[in-house]
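Asks: Please see the structure below; I have some questions.
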Amino acid sequence: MNIAELLAQSARTFDQRPAVSLGGAIFCTYGALRDRAAALAAGLRARGVPKGGRVVIYMGNRAEYIEMLFGIWAAGCVAVPVNAKLHPNEVDYVLANCGAALLFTDNAEEMAGFDKTVAVESPAYAALMDEPAPFRPAQAAPEDPAWIFYTSGTTGRPKGAVLSHRNLWAMTLSFLADICPLTEGSAALHPAPLSHAAGLFALPFVRRGAVNVIPESGGFDPDELVQLLRRFPHSSFFAAPTMLNRLTACSGLDDTAIANLDLIFCGGAPIYVEDLRRAQDLLGSRIWIGYGQGEAPCTISYLPPHMLEPDMPESWLGSVGIARSGVTVRVVDDTGTDCDPDMPGEVIVSGDVVMAGYWNNPEATASALREGWLSTGDIGSLDAQGVLTLKDRSKDVIISGGSNIYPREVEEALLRHPGVIETNVIGRTDPDWGEEVVAFVVAQDGVTAEDLDRFCLDQIARFKRPKSYRFVPALPKSSYGKILKTELRRMLAESEPPLEWTLPKAT
Ligand code: AMP
């Protein structure tokens, strides 16, 4: 069934309710959203975009985003939302790779080279919706593609994970089953990019006839978010961990704003224990952690707040919780055999949220999907109760002197130091050890490498402690809030000490 049917039912029942709000101002009701999406679907067909045609959306969060998604799906086309912060050359790659039939963008000048560009602010976009039309979503088989999600491509060219209508239904239903009982009085705020998890997060809210709120800034501004929280009771939003940290540090976050907050669904990158504790102290039981990836989105597992109550095992605090409804999670060794409880191995996943494969890339599909199981590339362990803890991406594991060091463990240790604001750990080739641990640290004034070395010696095995420290004013991050290890590796390759403090070789 076409995922656009979500909107058909909500528009019928909640015709007059606000569907999309731009800041505090209603942009359209559910009735209007349906009519705009219907007209857009008709406009796409009239323009010759065929069923199954790919329509790329390259823009920041705007009120038109939701109608675009539903218009594209209603026409039987495939939405390809891409990160608004991509360079136009990178978008060119996506356009060519997916064979785009059309591009919607708020950056038309830069994309002028593509002859099927429609600028969202231009009369051409309005003209696409000129003719009113009935909302009759095209027939879609469950396995038909609905959304192509391009990976960030940190290890080569981005790959397009193809999400089917079935995938989007599964993730919508499991959100309603596992996470929260939304009502038409709920509000989804969208400070995080709609091209990523936040766009998927919008769907259960549409199902319930709740409002999707787009910040006027088009992104994440903690003060603006606090204003929106004050304005919308029963608010929820998806946040990357860095956003959660910035929100909890925001001085404007007061009791009124917090009282209006139902939940923050936090994921996309590791949430460190110290950060989670701080957020919980301030926000109480409102933080839900989710672990997913473009290939199995929104999400594979979740850690609900009740699993963080004081009577629960302490180790769950650093975990990503249990498998979502309809998802099976295993941890396996190199031979594909299930690991014993608490033993690390690769996380593999099956269920209706797992992608159909990569677009036009049978080799990558064959190596990621085997007999219905998705290899996530993440190393983790399951405890006896089925709670999953992630160690790191397998490619980020540091092997020093033959021992595996998970950067996350070292980062967690460093973050317990009160003067450490942020940190990230990577490996550097070393002639003696194979690799050695280097820590990038954002710290308060006065914190020294010697302090941190002593601090680590008190907490983790000697061989795991960083051999070098590099103090930096900020860590490089993607627009999705992920720390860019590739960028750290580049920084390390391009500049050498004296910026850096290095342990004497013998230790
Ligand atoms: P992406 O496909 O860009 O969303 O990236 C997915 C990857 O982000 C996963 O394979 C994990 O390595 C990481 N990730 C996502 N959510 C979490 C989480 N809650 N904790 C730790 N890592 C996460």
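Coordinate-derived values only; no laboratory data. Because the structure is a prediction, the values reported are computed rather than measured. Note that each Cβ is placed from the backbone with ideal geometry, even for glycine, and that neighbours are counted across all protein chains shown.
Asks: Suppose we look only past 22 Å in the calculated P(r) of the range 353-472. What percent of the Cα-Cα pairs does that tail hold? Show your work: numbers first, answer last.
Replies: Values: 3393 of 7140 pairs.
Percent of Cα pairs beyond 22 Å in the range 353-472: 48.
Asks: Count the net charge of all other residues whose Cβ sits under 11 Å from the Cβ of residue 380, scoring Lys and Arg as +1 and Asp and Glu as -1.
Replies: Numbers: positive: 330, 391, 393, 408; negative: 342, 346, 378, 383, 392.
In short, -1.
Asks: Based on DSSP H runs of at least 4 residues, each adding -39500 (n - 2.57), what is the mean residue ellipticity at 222 nm of the chain after dividing by all its residues, to the nearest 500 deg cm²/dmol?
Replies: Values: 15 runs with 144 residues, N = 507.
Rounded to the nearest 500, it is -8000 deg cm²/dmol.
Asks: Above 28 Å lies some portion of the pair distances; for the chain, what is it as a whole percent of all C-alpha pairs?
Replies: On the way: 70260 of 128271 pairs.
Roughly 55 percent, once rounded to a whole number.
Asks: Let me ask something else about it. Order of 39-45, 126-132 by packing, highest average Cβ count within 10 Å first?
Replies: Values: 39-45: 23.1, 126-132: 14.1.
Taking the mean over residues of other Cβ atoms within 10 Å, the ranking is 39-45, 126-132.
Asks: Further question on the same structure: Once the dipole of the chain is set up with Lys and Arg at +1 and Asp and Glu at -1 on Cβ about the Cα centre, which of 63, 9, 365 lies farthest towards its positive end?
Replies: 9
Asks: How many nm separate the modelled label positions at residue 367 and residue 131, each set 7 Å beyond the Cα in the direction of the Cβ?
Replies: Label at residue 367, label at residue 131, 4.7 nm between them.
Asks: Please enumerate, by chain and number, the lysines with C-alpha under 19 Å from the C-alpha of residue 467, excluding those fewer than 8 residues away in the same chain.
Replies: Partners found: 485, 505.
Asks: So, one more: Of 85/116; 116/482; 159/464, which ones are farther than 29 Å apart at the Cα?
Replies: On the way: 85/116 20 Å; 116/482 32 Å; 159/464 33 Å.
Over 29 Å Cα-Cα: 116/482; 159/464.
Asks: Could you give the length gained by full extension between residue 484 and residue 51, i.e. 0.36 nm per residue of separation minus their alpha carbon distance, to one decimal place? Don't skip to the end; give the middle numbers.
Replies: Numbers: separation 433, 0.36 × 433 = 155.88 nm, distance 3.71 nm.
Length gained between residue 484 and residue 51: 152.2 nm.
Asks: I need 28, 298, 339 ordered by Cβ neighbour count within 10 Å, fewest first. Show your work: numbers first, answer last.
Replies: Values: 28 20, 298 32, 339 16.
Ascending Cβ contact count within 10 Å gives the list 339, 28, 298.
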